[in-house]
Amino acid sequence: MSMAGKCIVALLGLTGLVLGQVPSPDATASATIAGKVLSIKYSAPSVRGRKIFGADGLISKDPNYPVWRAGANSATSFHTDADISIGNLSVPKGDYTIYALVEDPDNWQLIINKQTGQWGLTYDAKQDLGRVKMKMSKPAKLVEVYKMTLTSTGAKTGKLQLEWEQHVAAVDIMVK
């Protein structure tokens with residue numbers, strides 16, 4: 001291929017990114033529980049035929065494995081307007097980063113980390129507020145695009161759910 005041809009191919013690839021074909025687009029999730037807002041900002045990668053979890057999966061190539069940034073690109077940010085409990089972990093109102101311990105793909109732990117604003121592969125375990133076991137299940141079919149949801153399940157209760165590939169991980173939330 002000529003140099004001009006290579007430049008056109010590169011330009012077309014860049015144009016695709018500019019037009020919104022980002023491999024892991026930004027996404028958000030939020031819920032209002034007991035009048036207080038909880039929100040998450042993350043990047044949503046796709047499976048694209050790859051094995052994601054397990055010792056030889058895509059996540060195992062990250063430098064922090066078995067800790068995963070619970071998304072792609074920048075670290076996954078979490079904000080709560082209220083003091084809450086996530087599982088049995090007390091989380092004061094404020095800003096945090098969410099990670100997941102995925103060493104055992106069928107038994108995840110949610111990690112709430114006090115460090116904020118970092119790139120997704122920057123992880124400091126000394127900054128962990130704590131870890132919580134998640135309830136695991138299998139989706140009806142492959143979850144192609146990673147999805148995080150926050151839902152209200154009652155007057156003071158809610159749920160955080162992470163879904164990707166063949167895994168669904170959930171944890172209960174309670175506003176104090």
How many Å³ per residue does the convex hull of the Cα positions in the range 24-175 occupy?
95
Where Lys and Arg each count +1 and Asp and Glu each count -1, what net charge lies around ILE173 among other residues with Cβ under 12 Å from its Cβ?
+2
Dividing the surface of the Cα convex hull of the range 60-131 by four yields a projected area in nm² of 4.7
Potential extension, SER30-ALA140 segment - 0.36 nm per residue separation minus Cα distance:
37.2 nm
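Every read-out reported here was derived from the displayed coordinates using simple, explicitly stated rules and does not represent laboratory data. This one's a predicted model, so the numbers in the text were calculated from it and none came from an experiment. Virtual Cβ from ideal backbone geometry, glycine too; neighbours counted across all protein chains shown.
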